[in-house]
Structure formats: structure tokens, C-alpha cells
1. Enter the Cα centre distance for the pair the stretch 115-192 and the stretch 243-305, rounded to the nearest angstrom.
2. If you rank His416, His111, His189 by how much accessible surface each has, with a 1.4 Å probe, what is the order from largest down?
3. Just to check, using Stokes-Einstein with a Kirkwood Rh over alpha carbon pairs, what's the diffusion coefficient of the stretch 431-548 at 10 °C and 1.306 mPa s in µm²/s?
4. Give the Rg/Rh ratio for the chain, taking Rg as the radius of gyration of the Cα atoms and Rh as the Kirkwood radius, to two decimals.
5. What FRET efficiency comes out for the pair Glu257/Leu434, r = Cβ-Cβ distance, R0 = 60 Å, nearest 0.05?
6. Determine the gain in length on full extension of the stretch Ala133-Ala186; use 0.36 nm per residue of separation and subtract their C-alpha separation, reporting nm with one decimal.
7. Past the 29 Å Cα-Cα mark, which pairs from Lys300/Lys616; Lys393/Lys486; Lys477/Lys520; Lys295/Lys486; Lys295/Lys350; Lys460/Lys520?
8. Calculated FRET efficiency, Ser359 and Glu596, Cβ-Cβ r, R0 60 Å, to nearest 0.05?
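The values are calculated or read from the model by the stated rules, or taken from the named source; none is laboratory data. Please read these numbers as outputs of a predicted model, since none were measured by experiment. A quick note on method: Cβ atoms are made from the backbone with ideal geometry, for glycine too, and the neighbour counts reach across all protein chains shown. Just the protein is used for accessible areas: all its heavy atoms, side chains included, with ligands, DNA and RNA removed. Shrake-Rupley method; radii C 1.70, N 1.55, O 1.52, S 1.80 Å.
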Amino acid sequence: MIRRLIGRWRHTDERADTGPAPDAEAESAGVDPGEAGPPQGSSPLDLSLPGAAHQSVLAPSTITERANGVETGRAWTQSLWVAGYPDGPSDGCLEGLYATSDTRRTDISIHLDPRETHSTLDSLENRIEDLQADLDYLTDKQRAGARGVQKDLEDYQALYDVLRNTPTRAFDASMFLTVRGEDREAVEHDVDSVRKAARRAPANLTPVTPRWAQPATLSSCSPVAVDQLAESMETTTPMLAGAAGALFPFVAGALAEPGIEYGTYALNESPLILDRFNRSTGYCMMTIGKLGAGKSFGTKLQLVRRAMYDEDTVIVMLDPMGGFAGVSQALGGERITVGGRRGLNPLELKPTPDAVLRSVPDLDPWAQQIAWVMTFFGTFFEHVANNPLGERKQTLRRAVQEAYERRGITRDPGTHHRESPTVTDVIAVLETLLEDPRAFGYETAGEQDSVRADAQSLLKDLRPSFRADGDLAHLAKPTAFDLDSKVVYLDLRQEEGSRGRSETSLMMQVLFNAVYERAKATDQRVLFVIDEAHYLMSDATSLGFLETAVRHSRHYDLSLHFVTQTGGEFTLTPEARTIANLCSMTVIHRVNEEAEQLAEWFGLSEREVSWVRTAKAGNDEDGYSEALLGVDEEGWFPIRVRASPYEAQVIDGYVAESRPEGDADSEAIAERGLSIGEEVADD
């Protein structure tokens, strides 16, 4: 409706069209389109004059006007004026124009001048009276054109009613786009792309190149904030406040706090800088994206930047595929190969800091530990021994409790500093239980027979795997790693390559708990990244423990970062959905899920779903990948993720041999143990 009314309203407005149409002088002057007009500002600057020094820095040395562009020093620009807008603009109708990579090097400027309401109403009244007279005449003559006049009259009447009966104001709007480049051919190619982007729905703009008016158009698109093209032609379009507001999706999107850059806001290239440990709803995060979408690269980039930003944060990477090996070595990480001789005790219990116990009165570390141990054994019996616990569960629980009591560990948190039992201790308790159930409080003959049968069955399943030379013997030893290193890399490739999915899932559970227990005991912040998190999320027996761990992680300054290929893992069960809801930050790269699923899982709008579905994967040509960043209490942000050349070298597994002395990136990473010039194995 806006565009249809504008053409008629302009002619009845008090403003006169004082200039020629943009292409009115096309070739009439007989001048070649590429011929230069008179150079402007080409005289040498006297740097002794006030402001001359600033001008020499901020302004180009010369400005040469061309028919359809301006040469500014060594660069070339072409500026467009928007001559037409959509009839009924929807909110964010220009979002695609701002977000597309075609306009990345394009300046976009919108001028809005409020119109005086009374004079606008007067103009509308005159126009309505004219239309009413035309309608009466055409109706009387039974002309077909009366239908179109009737529609125009109704539109003007509706516009008049809105201005007269509501606080809505009218504005004069003008919009300009400037494309920049190093040479004329490149700019003209980009201008074609910008025109197409501007004309596509829902933007539906009509961009025009004002010939021989390029300096004024360029200035109108500059931060000078003056519509200089209006001095030679009518550039404004009247529109109501709602239509004007629909042009502004870029008014939001700025997040700037002490932290690291997670990407640039795709609509205006503003950096989104934040600290995951500064979120009021918790520190956990999940990253989702299909293979090749950029999720692993983006996660590694976050780790490198975190290492440079805060050297006191402990970074732990749990990786079943070897993708983080290069980053770990570049950061001087301690590499722990899982599945060898290094012990990992799934029964290990670390003391909970007194400050945490005081701040969370209902926290029960003992119950949480027993629940975790039963989760571990539940996974083992179901997926490794292929004999689910079933009715044997309570007998095993009693044996686990007894194993802790023999080490002097009880519900009292003051006992949790003592040495933890191992699976070997549980086996020893089961052997005793098999011999003398009465000693454990089982009085009746029926109880004793049932417990003996359970103990015998449990021992039959446990002994082959946990004997001295069994395939899980390392899980029957005390844990042989700590968080003394600033970077710890838990390498599961040997485990993933030699075992099936179930065994890998079991090992990831054990490692998760080992890191969780150590995070409790340290006073440093811990960032724990779990790649291929579907190994954890797909095991129903472990989700209860995972939910509890995520829920309490913030009390231990622990940020759990789940990386997986699909959001489906976080929707399979109520516990998984709770884990997703407890993540205060979410990064969604391109995924395979249908739009309806994405909208349902993450509460995304239609525009946000569209961004995810069309997000670009990272490649050398574009130099970035695209994703949707969700931050609790802030909203969703379409972002582009870029790495500096040096960051990319570190992430790819190679550290630059030459880096300028004193460079901030190299110095910051070197403090974390980075060996400059060292070649890292490309995994």
C-alpha cells in the first residue's frame, strides 16, 4: 500500500520535485559514461591549517566523479538510491539484505525525518476529497476504473484514520547503499549482486544509480548523516512509524563485555564479545552442526581465544575422534591416551569445597556419587556384559556402599577426602557377601539365597573385564591424572577405534566423572569440552547423572560444552531436554533437521530457522562460517565466525614459524605453552 500511495501523495505534498529523475540525463549530454567529471578536493593540503591533519587521515587524497561512481583515492565506489519500497513491509523485511554476504562491503544508510502531523493530515484530506470526487464521477459514468479509485480511497482513509486517531507518526524516509572496491570492474560486479539482493522478497526495494550525482549520493550514505542528494532531487518517501521500524533489524545485536569474540553479528558486523562464566543462568554450552558445517572449527577457535584471554582457566578436551589433538599440542596440553595402562577409577570421590556446601544446603555429594557409580555399573552390565542389572541392582548398591564404608567414607562430607575404593574393592565385597550374607543384615534364608545368587551372577560378569589383565583393568585402578596442567587432552581414539559404540560411551562416562570430580576440588575455572557428545546423550542410563552434573556445575565454576551433530540427542528424553535447557549458550550451525523440528526444539522464529537452514559452512573463499548464537536473557544472534590467519594455523595444527615480535596473539598463546615454529601432527 505504501508504494501505491506514495506516487500520488508526492504530487500533492508541499514539497516540490526540484531535481531530475536519476537517469533523466542518461546520455543526453553526449559524455561517455566512464568519462571523469571535474576532480574535487585534489589540491594539496596545507597540514599547518586547523583540521588539515585530521582531513589527511580521514578523507581520501582525491575525489573524482564519474557518471556512475566516484574514485576516492585508490578505491572506487558506486552509490545507489532506493526509489521504491514494499507496499506492506513486514518486520525485518530488510534482514536478508543486511545479512547476505553480497552486501558485506556495502554501506547502508537510512534517513528518517518526522513529518508534522497536522500538515500531513491536511494533505491527506485534500487527497481524499479529490479521490472521492473522482470516484463519484467514474461511478456515475459506470467506468471500470472506479474499482481502482475505490481501493485507493479506502487506503488513504485508513492512513488518515491511523494518523488522526493514534499516536502513530509519519516520516519522510530516504535510503542509500554504497558499494566499495579496489577497482571499477569489481564494484560493478558487486553492485549487480547488491541490486538483486535488494529486489528479492521480502525486501522488494527498487535501487537506482543516480548518474552524475554520485558524490552527493556517496555523502548521503556516509556518517555525515545529511541527505545531500535531496538538494537536487526528491529522495524521500512518506511512511508511517511501523513501516519505518520494519527497516531496522540492525538496531539489536550488540553484546560487548569482557570476554572473547564468538563471532560478528551478521546484520551489521558488530563483534559479539562475552564471557561464558558471566552468565547468570549457568556456564554450560552446546554446539550443534552437521559434518563440515564449522562446529569443530568454531569450538577450537573459542578454546584458543579463551586460552589467550584467561590463562587461569583450565581447559579439558574429551575427544573420541582426534580432532582436537592439534589445538592441544599448540596450547602445550597434557595428552592422556585412554585405554592404555593409565588408571581411571569410576568410584573416585573428591571432597566438595566448604563454600559450596554452605551456599547450597540441599547438596548431597554422597547420594550424587552413589547415583553416578550405579550409572557406571548400569552401563557396563547392559552394554558390555550384555546382562542388564535388573533385580540385581539393590545387591550391587549394597556392595558399593560397603566398599566406601570400608574406606571410612560415609554421607558426612568430612570423610570425602579419604582414598576412594575401586572396582576391585566392590568385587571383594561381593565375594564376602557371597560367603556370609548375614553379616550384611540379610537375616532370612530367602534373602540370603537371593543375595548369594545375585552376588554370584555379578561376580561372573565383573571378573572377566576387571581382572588384572582384563580389557577394563585400568578402570580398577586409582585415577592417574589431575588438573595440574592448564590444558588436558583426553584422547579416546584408541578406545573408539578398537571398541564399539557402547564401550566408548562407557569410557566417556568415566572420563566425564573424573573431570567433574576434579573440577569440584580446584578453585580455578574449568572449561570441559565433550566432542561427539551423542555418545553420552544416547545412553539412557547415564542421563540422570548428566542432568545432575549439569545442574550443579556452576557451583564448581565448571563450564560443560557439548558438541554434537544434531539437536535430536537433546530431545530424546526429559533428562536430555533438561540438559539442553540448562545450557545458557547455544551455537547452531547448519543442520539437517526440518524447519518445524528446529522451531520446536529451540523455540526459534521463522527468520531464525531460515538462517540456520541456509547457514554457510566455512571455506577458504568466504573466510567464515555462519551460525546462530543463543544467549540466555539476550536472545538469538545470526553470526559469522572468522579466525585470524594465525588462529587458523593453530587450529589447523601448524604454528607459524615467523610471527612479528611483540604480537599479542603469539605472546598470549606462548604463555600457555605454545611452541613457536613447532609442527603439530595434523589429525
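1. Going from one Cα centre to the other spans 39 Å.
2. Correct descending sequence by accessible area is His189, His111, His416.
3. Translational diffusion coefficient: 92 µm²/s.
4. 1.13
5. Efficiency for this residue pair is about 0.50.
6. Full extension of this stretch gives 13.8 nm more.
7. From the list (Lys300/Lys616; Lys393/Lys486; Lys477/Lys520; Lys295/Lys486; Lys295/Lys350; Lys460/Lys520), the Cα-Cα distance tops 29 Å for Lys393/Lys486; Lys295/Lys350; Lys460/Lys520.
8. Efficiency computed from Cβ-Cβ geometry: 0.90.
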